[in-house]
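Visitor: Take a look at the following structure, please.
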Amino acid sequence: MKKITAVSPISLVESTYRVWGWIVLAWALYRYFFQLPEWADEFIFKPMIFVLPVLWYVRNREKRSLASIGLSGKNFFTSVYIGLGFGFVFALEGLAANAIKYGKIEIMPIAAFEQYGMGMLILLSAATAFSEEVLSRGFVFSRLMEGKKGLIYSATLSALMFVVLHIPILAFSLKLQGSALLLFFVTDFILAFANALLLYNTGSLVAPILIHIFWNMTVALYL
């Protein structure tokens, strides 16, 4: 990935933490005060809170291209193949988790599936994946890497920050408990860590977004 030369690694990392912190705060306040339909969350407010501040910051404060956060056609077809392959693996992981959780494979779609149908659910999953990958991998992970934090450290920390990003929905919407909550945290961390490594190796968010879509659909249909 292209390195920043005009900004020190320490300043770069600190700025990343600040941007991420403000976004998490805004998202938590939105989740606390508003309970809107899922389509409004994913198509309108999550892009407004997660994506637009990042795009503005990259273009106006950093003066960089969107390719610096993985929004490019670099290695596009390779990324598609990787995304589809690993997405299938994550879907199988979801089936295994479902079998462990219920003692057998139990298909229990979320309410959004009953309300919107498969087509809309795929679009919702894609919108979620795009917003969360732009913030968590494209911005947070890539900037930690450029701040000379190292691959494993950056992947681990950005994955933990990704899990924290989901605390508002856990607290105000899903209200998971016990093994279901632990499963949510573990699988989210694995997803985030794997996607960070994929971004590092491909330089594009295509594969992470595809895998994220697969995972969202897995959660929606049988977790």
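The values are calculated or read from the model by the stated rules, or taken from the named source; none is laboratory data. Nothing here was measured: the structure is a model prediction, and the numbers come from that model. For neighbour counting, all protein chains shown are included, and Cβ atoms are generated from backbone atoms with ideal geometry for every residue, glycine included.
Visitor: Tally up the residues in region 150-168 that are in contact with a helix residue (DSSP H, G or I) (Cβ under 8 Å, 6 or more places away or on another chain), of a type in the set (A, V, I, L, M) and farther than 23 Å from Ile49 by Cβ, please.
Guide: Pass one, region 150-168, residues in contact with a helix residue (DSSP H, G or I) (Cβ under 8 Å, 6 or more places away or on another chain): 151, 153-168.
Still in the list and also of a type in the set (A, V, I, L, M): 151, 155, 157, 159-161, 163-165, 167.
Subset that is farther than 23 Å from Ile49 by Cβ: 151, 155.
The number of residues fulfilling the criteria is 2.
Visitor: Further question on the same structure: What is the one condition in (1) modelled with pLDDT of 70 or more; (2) outside any helix (DSSP H, G or I); (3) not hydroxyl-bearing (Ser, Thr, Tyr) that Met108 does not satisfy?
Guide: In the conditions (1) modelled with pLDDT of 70 or more; (2) outside any helix (DSSP H, G or I); (3) not hydroxyl-bearing (Ser, Thr, Tyr), Met108 misses (1) alone.
Visitor: How many residues, within region 68-83, are part of a helix (DSSP H, G or I) and modelled with pLDDT of 95 or more?
Guide: Taking region 68-83 as the starting set, the residues that turn out to be part of a helix (DSSP H, G or I) are 68-69, 76-83.
Applying the additional criterion that residues be modelled with pLDDT of 95 or more yields 68-69.
Qualifying residue count for the region: 2.
Visitor: Could you tell me which numbered condition Ser179 fails, if it satisfies all but one of (1) modelled with pLDDT under 80; (2) among the polar types (S, T, N, Q); (3) crowded, with 20+ Cβ neighbours inside 10 Å?
Guide: Condition (3) is where Ser179 drops out.
Visitor: The conditions are (1) crowded, with 20+ Cβ neighbours inside 10 Å; (2) modelled with pLDDT under 90; (3) in contact with an Asp or Glu (Cβ under 7 Å, 6 or more places away or on another chain); (4) among the aliphatic types (A, V, I, L, M), and Leu121 fails exactly one of them. Which is it?
Guide: Here Leu121 clears every test but (3).
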